Each structure stands twice: as C-alpha cells, then as structure tokens.
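K.L.:
Got a structure for you, questions after.
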DNA sequence: TACATTGTTCCGTC
DNA sequence: CGACGGAACAATGT
C-alpha cells in the first residue's frame, strides 16, 4: 500500500534504472494497464494503448517526478503518470515477473511494472503539469505549515478523513495519516473546524516528521518489502488494535471511518489535540 | 464464502 | 447547491 514515502523511493529507483537510457523495446503484457485517464477502469479498455506503447520505442527517458502518490516519467517529449495502486511495484529482470503488466527494455536491462491487484495504471500525459491536476499541495510542500494546513482542510469533516482527501493534501494514505494524528495527539474524529492554531501547527509538524522518517527508513538503492507483511510492525498505532500505546500505555482502538480502519489511542489523542510533548 | 485492502466515483441526505 | 457520509467498484489472496 504505497503512500508518499514508498512512491518517492520508487521514483528514485526509476531515476537510477531508467533515466538517461533509450527504450529499445516495450513489452505490453496487459494492455489494460494503460489508461486514458486515472479514473477509467481496467475493464473499460482503451484502443490507443498498444499504439502508445509502440510509440515509446526509440525515445529516451529524460527525468522523473513525484506529486503526492503519483510518479511521473518523462519519456521523449511526453510524460507518463504511474500510479502504483495497492500492489504496484517494479522489478528489474530479463524475464517478466509474476503479475507483470508492462516492461521497458532499455538495453542493459528490462524494467517491469508488476501489479497483482491491477489497481495501478499508466496514464500518458501532455506535459509535466498534468501530473498535478486534481491534487492539493504535496504533503511535503513547505507551504503546508500550520496555517497552510488549516487552509487546505476546511469544513466539519473528521480530520482523519480530510487527510486522506488527495484533492486537499496529496500523499497521505491510511497508515501515515493515522500515525501523524497519533504524533500530534489529535483524535481522528475531530472535526477540522474545531482545531485551533496550536492543533494545526502540531499536525503540520507531525505530518512532516512522519513522512520524513518513513522516507529515511527506506534503504536507498534497494527494493523494499512492505513491512506489515511478516516482519515487525514499525508503526505506533497502525495495525495495533488492543496493544498498549507506546506513549501512554492505553489500549489502541480501531474504528472505521469512511469505510476504512483507523487506529488510534483514546488515552493520548484528544479532540483538538494535546500540547506537544518534549 | 465473506472479508480485507486502496483511490475514485456515484448517490442519497442534510 | 455545497458539503458530507456511505457504498460501490476494481482484483485477488486469505
């Protein structure tokens, strides 16, 4: 379940694997991975997919970008948006891996986009600017200080739900939204409109710290395996229903908001937040 | 089998 | 009509 940190890691990986190389061949394993728009579905189909893929041959990869959870690749004069969905990842191997959707042969190796659940996709774009359409500011945007965050998240909605709204702030998913709220000591059901300046400042700082730590926790230059599968759970509250809060020892609770699980600590997360500790 | 996961969209309600 | 909540949808492993 890639959020901003994982997408950023993949972007950096694509910088190393692809940028500066010329595309010798494209292997379109599943043409439904190419979509005319982000909102179209695999079953909708798109008759231009194959011709777009073919048109890439001979062009070179010139750069990468990331906005929120979207990655961009500059291929020739155009750009392509890559959305990882739930299970999208990249594999560098001569042979297509399981669930391979498309492969870019850049001469010295082949880079495959593999996606078991097929929620991920590639969307050809006119230019780099199109990467940002429909998105609020990136979650690591310097403008998102306390005041900027308050302006981005107006209304009576629960702050957890609002943090997941990519049109308001781009890059947070279910895990890092919950972790940031725990860091800030803010209860997830708190209506945005009831947060004061101190609450917004702590939340803005918590988001920045949460994402920065997650980015740094991913070893540069390596593939990574999502940590909740098998290994130790590195999160304070996510996936820890019933376990003691690492800050106050109260039992972590799970509630459903907007159809999604929210993990939080009723002991030290309060409406409006608590004073930042330490 | 039912359920869990995500981002997006659609629809009903206030 | 805007805001918001809830449900549906995509795919598939458990």
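What follows draws every value from the coordinates through simple rules; no lab data is involved. The structure displayed is predicted, hence computed values, not measured ones. All Cβ positions, even for glycine, are placed from backbone atoms using ideal geometry, and neighbour counts span all protein chains on display.
K.L.:
Residues of the stretch A:101-117 with amide nitrogen under 11 Å from the 7 Å Cα-to-Cβ point of residue A:1?
P.N.:
none
K.L.:
For the stretch A:146-264, what relative contact order do you get, as a whole percent, if you take Cα pairs closer than 8 Å and at least 6 residues apart?
P.N.:
After rounding, I find 26 percent.
K.L.:
Counting other beta carbons within 10 Å of each Cβ, put A:40, A:64 in order, fewest first.
P.N.:
A:40, A:64
K.L.:
Further, regarding this structure: Quick one: A:14, A:71, fewest Cβ neighbours within 10 Å first, how do they rank?
P.N.:
A:14, A:71
K.L.:
If you wrap a convex hull around the C-alpha atoms of the stretch A:114-162 and split its volume per residue, what is the figure in Å³?
P.N.:
143
K.L.:
When chain A is treated as a GNM, springs tying every alpha-carbon pair under 10 Å, which of A:60, A:202, A:43 comes out with the largest mean-square fluctuation?
P.N.:
Comparing A:60, A:202, A:43 in a Gaussian network model of chain A, the most mobile one is A:43.
K.L.:
Another one. Of A:259, A:68, A:155, which has the largest mean-square fluctuation in a 10 Å C-alpha GNM of chain A?
P.N.:
Among A:259, A:68, A:155, the largest mean-square fluctuation in the Gaussian network model of chain A belongs to A:259.
K.L.:
With viscosity set to 0.692 mPa s and temperature to 37 °C, compute the Stokes-Einstein D of chain A, Rh being the Kirkwood radius across alpha carbon pairs; µm²/s, no decimals.
P.N.:
Once the numbers are plugged in, D ends up at 165 µm²/s.
K.L.:
Measure nothing fancy, just the Cα-based angle from helix A:174-184's long axis to the longest principal axis of chain A, in degrees from 0 to 90, nearest 10.
P.N.:
30
K.L.:
Follow-up. Relative to the longest principal axis of the C-alpha atoms of chain A, give the angle of the C-alpha long axis of helix A:197-217, reported between 0 and 90° and rounded to the nearest 10°.
P.N.:
Around 40 degrees separate the two axes.
K.L.:
Okay, next question. In square nanometres, what is one fourth of the surface area of the convex hull spanned by the alpha carbons of the stretch A:4-132?
P.N.:
Averaging across all directions leaves 6.8 nm² for the Cα convex hull.
K.L.:
Where the centroid of each part is defined by its Cα atoms, how far is the stretch A:147-187 from the stretch A:65-123 in Å?
P.N.:
The two parts, judged by their Cα centres, are 28 Å apart.
K.L.:
In addition: How big is the Cα convex hull of the stretch A:146-264 in projection, averaged over all directions, in nm²?
P.N.:
7.9
K.L.:
What is the order of A:237, A:29, A:7, fewest Cβ neighbours within 10 Å to most?
P.N.:
Listing A:237, A:29, A:7 from fewest to most nearby Cβ atoms yields A:29, A:7, A:237.
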